[in-house]
Each structure stands twice: as structure tokens, then as C-alpha cells.
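A.B. asks: First the structure, which I've put down as C-alpha cells, then a few questions once you've had a look.
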Amino acid sequence: MKFSPFSTSSKDLNQKFNLYQEVGVREYWIVFPGDRIIECFELINGIYTKTGVYTEVDEIPIQIFPGHFLSGKEIFES
């Protein structure tokens, strides 16, 4: 089987996104390590709505836990 560097990304951006939305996962983050970007989505009325695009210098709000944040720097350090 040939490895494709885009297979995981494609799966995250399409299949997982749709599946998680369908089953009601309340918050979904997609991390792009090469670009050091995190896209965040929140399930609102059954549809994912983008809540923000963040970088390693940002404090990222956790929508399902109001008042709580994750450091972009900590995410990319691990």
C-alpha cells in the first residue's frame, strides 16, 4: 500500500468532519501542524460553524467549557 501524506488530512477534512457532525460531537478542532494553524468548529443547530482560526501565539477558547483556554504554543510543542 502506498503512503499518501494527504490521506489523513483528507479524511479529517471530509469523512471525520461529516461523521462527527452527524453524531453530534459538540466541538471539533483540525490541527495543521505544517502551517501551525488550528481551525475550530462548534456544533450549532446540528451544523458545524467555524469559531476561529488560531496559531501558536493564541489562547484558544474551548467552546464547550466556557472560560477555559488551551495555549496554541503548548499544542505545537508536543
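A.B. asks: Restricting attention to region 10-34, which residues are acidic (Asp, Glu) and at pLDDT 95 or above?
C.D. replies: Glu22, Glu27
A.B. asks: Quick check on my filter: what residues within region 34-61 are within 19 Å of Lys16 (Cβ to Cβ), exposed (fewer than 13 other Cβ atoms within 10 Å of the Cβ) and among the polar types (S, T, N, Q)?
C.D. replies: Thr49
A.B. asks: Return yes or no: is Ile64 under 18 Å from Tyr20 (Cβ atoms), among the aliphatic types (A, V, I, L, M) and without any contact (Cβ under 8 Å) to a residue 60 or more places away in the chain? First the steps, then the outcome.
C.D. replies: Details: under 18 Å from Tyr20 (Cβ atoms): yes; among the aliphatic types (A, V, I, L, M): yes; without any contact (Cβ under 8 Å) to a residue 60 or more places away in the chain: yes.
Yes, satisfied.
A.B. asks: Here's something else I'd like to know. Looking only at region 20-54, count every residue that is closer than 21 Å to Ser10 by Cα, part of a strand (DSSP E or B) and of a type outside the set (Gly, Ala, Ser) and tell me the total.
C.D. replies: Looking only at that region, the number is 20.
The values are calculated or read from the model by the stated rules, or taken from the named source; none is laboratory data. From a predicted model like this one, the values you see are computed outputs, not experimental measurements. Cβ sites come from the backbone with ideal geometry, for glycine too, and all protein chains shown count toward neighbours.
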